[in-house]
């Protein structure tokens, strides 16, 4: 806006100068005509007075008729070398003409200089803006993204300047995101290394025992082999989960959206954890609207619900049950999952969806990635997950919004 006001000011000044020039030029021409007319009238008056003095019989009417006649005779002036079309018979008019011609030239020169000054001032400002823009670009090339453009303008250069500022902001955000990504990658690698270190160390220790004791009892050897299988399964689960999360982070997973019944998702998820339920003698209490549906990717949402139910099983007491209910309304579809375990403390509750976070009641085989993966999957399908807990158990509520 500031630059637009300046441009408007330059236009007003130029217009005022042009109007003043026209006024001065018109005044000079009017005055010039007045001087010419006065000089001619004076000389003609002197001629008429001389004629009437010598020839009294010539009447005023005859003289007026001669002055107003359309005919002309240039023979008289030709005798004295005066061309009535190019020269002035009244010498004082010739001198006045030269003065007025010089005055007009001076006025035109002054007007031209003033317009040139206005142009140079405006052009100098443009050059200054271009230098500023060049400096901004040079600073950006030096990765200096702390530039600020305070002007809010509407001319071409200012619009360009503002667009460069927007680009600068985007580049800064990109640089910050890149730095954050590097930090997150470093942290993730540290977490992954920590998670893999324990099972790998355990496997190496068991293998050393097997190698060093070839005569080990069969029962002990079988137990060690089962331990190796368990640790290998944990590593495989961890690697698979990390790969899935990496695909989500890289935005390479394309969800296949389709309308599916909530009961089918829950049924498949419960089937996936049936073995764990049998080990701890845990039963399911499932209730809900049979016709409740959700638009989602069936495979991924089944995995998300499976991870949540698996977490509930791990924290449930043996012989207890897990309540699962589901419904649908005009705003969202809902799945509610409740266990009757020891619950989650208020200090741990905000962190349970963080990657590699393990609560104090987590099992030794837990890697702390299942709930993080579940939350990522649910949010990819425009859903949300909330958790509440007390000493009687934990409640997970999943909502899939109908956007």
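Quick note: the coordinates plus some simple rules give every number you see, no bench work behind them. All of these numbers come straight from a predicted model, not from anything done at the bench. Using ideal geometry, Cβ is built from the backbone for each residue, glycine included, and neighbour counts are taken over all protein chains shown.
Roughly what % antiparallel, to the nearest 5, for the DSSP beta bridges in region 213-326?
Taking every DSSP beta bridge with both residues in region 213-326, the antiparallel ones total about 40 percent.
Against the 2.2 N^0.38 Å scaling, with N counting residues, where does region 258-401 land? I'd like the Cα-based Rg ratio to two decimal places.
Normalised Cα radius of gyration, region 258-401: 0.98.
Looking at the P(r) of region 215-276, how many percent of alpha-carbon pairs lie beyond 13 Å?
On the way: 1471 of 1891 pairs.
Within region 215-276, distances greater than 13 Å cover 78 percent of Cα pairs.
Evaluate E = 1/(1 + (r/R0)^6) for residue 240 and residue 329, where r is the Cβ-Cβ distance and R0 equals 25 Å; express this FRET efficiency to the nearest 0.05. Mind showing how you got there, number by number?
On the way: r = 35 Å, r/R0 = 1.41.
Here the calculated transfer efficiency is 0.10.
Within 10 Å of each residue's Cβ, count the other Cβ atoms and sort 394, 15 from fewest upward. All intermediate terms of the calculation are to be shown ahead of the outcome.
Values: 394 23, 15 10.
Arranged by neighbour count, lowest to highest, 394, 15 become 15, 394.
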